[in-house]
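Notes to accompany the following structure.
The values are calculated or read from the model by the stated rules, or taken from the named source; none is laboratory data. Model, not experiment: these values are computed from the prediction. As a convention, Cβ positions derive from the backbone with ideal geometry for all residues, glycine included, and neighbour counts pool all protein chains shown.
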Amino acid sequence: MIFVTDLEGVLIPEIWVEIADKTGIPELRLTTHEVEDFETLMAARIKALAAHGLKLADVARIAQDVMPFAGSIEFLSWLRRKGPILVVSDTFTELADEIIMRLGGYPLFANRFETDGGGRIVGYKLRIRGQKDRMIVSLKDIGYHLVAIGDGFNDLSMLKIAHHPILFNPSPQLSAKLPGQPAVRDYVELKKHIEQILRANKNDMA
């Protein structure tokens with residue numbers, strides 16, 4: 001059994017929302033909950049940052065102060081005893097590295113920014129976007145039994161392919177995309193559901 005989880009919205013607040021609040025730039029509050037097309041979303045973010053003269057170092061400094069959700073560190077510590085954990089996110093390594101260390105230093109698969117000579121964000125390398133499903137398939141191909149946890153439209157591909165998809169505090173729109181799949185609202189419910197999966201998997205192997 002291996003556990004693959006999204007980062008923002010599951011373990012931590014949305015980083016771009018935190019950046020929007022600190023900078024006072026409302027356009028940065030939009031996330032994949034509101035905008036399904038990631039490239040459209042990122043183009044708007046980069047445009048807004050450029051218009052306000054903000055560089056990668058500026059937003060990275062704000063992101064470093066983002067704190068994990070209450071209970072997320074304890075949840076991951078509990079989950080680690082059940083199997084390996086991978087954090088797969090459409091966020092950016094430059095924004096999330098410090099947060100991942102706070103969570104316990106789990107492997108993070110994320111995208112990277114491209115900057116110009118002045119440190120301004122001009123683009124990005126999509127190492128994860130559109131690849132979550134390929135990662136899940138690869139893990140299944142080498143014999144792993146997959147539990148996937150996500151909360152946004154960007155998690156749909158991995159949730160559809162995983163043996164056990166779990167929606168974490170999803171919007172009604174996301175739930176409608178995966179009818180009949182379990183949805184949990186907090187870490188207590190999440191742990192209970194994972195325990196049910198583990199018990200059922202153990203019985204199947206008996």
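For this structure, a couple of remarks:
- Output for segment 1-22, where each listed residue is β-branched (Val, Ile, Thr) and part of a loop (DSSP other than H, G, I, E, B): Val10
- Selection from segment 42-91 of residues that are charged (D, E, K, R) and either surrounded by fewer than 16 Cβ atoms within 10 Å (Cβ to Cβ) or closer than 30 Å to Tyr144 by Cβ (or both): Lys47, Arg61, Asp65, Glu74, Arg80, Arg81, Lys82, Asp90
- Against the numbered list (1) assigned to a helix (DSSP H, G or I); (2) more than 20 Å from Leu126 (Cα to Cα), Thr40 comes up short only at (2).
- Among the residues of segment 161-173, those that are without any contact (Cβ under 8 Å) to a residue 60 or more places away in the chain and over 18 Å from Ile136 (Cα atoms) comprise Pro170, Pro172, Gln173.
- If you go through segment 67-94 and keep only what is without any contact (Cβ under 8 Å) to a residue 60 or more places away in the chain and in a strand (DSSP E or B), you end up with just Phe92.
- Yes/no for Thr5 being farther than 26 Å from Pro172 by Cα, modelled with pLDDT of 95 or more and hydroxyl-bearing (Ser, Thr, Tyr): no
- Here Glu195 meets each of (1) surrounded by fewer than 18 Cβ atoms within 10 Å (Cβ to Cβ); (2) modelled with pLDDT under 95 with one exception, condition (2).
- Residues located in segment 23-32, provided they are assigned to a loop (DSSP other than H, G, I, E, B) and crowded, with 18+ Cβ neighbours inside 10 Å: Leu30, Thr31, Thr32
- Each residue in segment 92-116 was checked for being touching a helix residue (DSSP H, G or I) at 6+ places or on another chain (Cβ under 8 Å), surrounded by 20 or more Cβ atoms within 10 Å (Cβ to Cβ) and aliphatic (A, V, I, L, M), and 5 of them qualify.
- Counting only helices (runs of 4 or more DSSP H) wholly contained in segment 95-206, the ones carrying 1 or more residues that are of a type in the set (Val, Ile, Thr), under 22 Å from Trp78 (Cα atoms) and under 19 Å from the mean Cα position of the chain (by Cα) occupy 187-205.
Okay, residues lined up against (1) at pLDDT 95 or above; (2) closer than 28 Å to Val188 by Cα:
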| site | (1), (2) |
| --- | --- |
| Leu11 | yes, yes |
| Glu14 | no, yes |
| Val35 | no, no |
| Glu39 | no, no |
| Ala70 | yes, yes |
| Ser77 | yes, yes |
| Arg81 | yes, yes |
| Phe92 | no, no |
| Asp97 | no, yes |
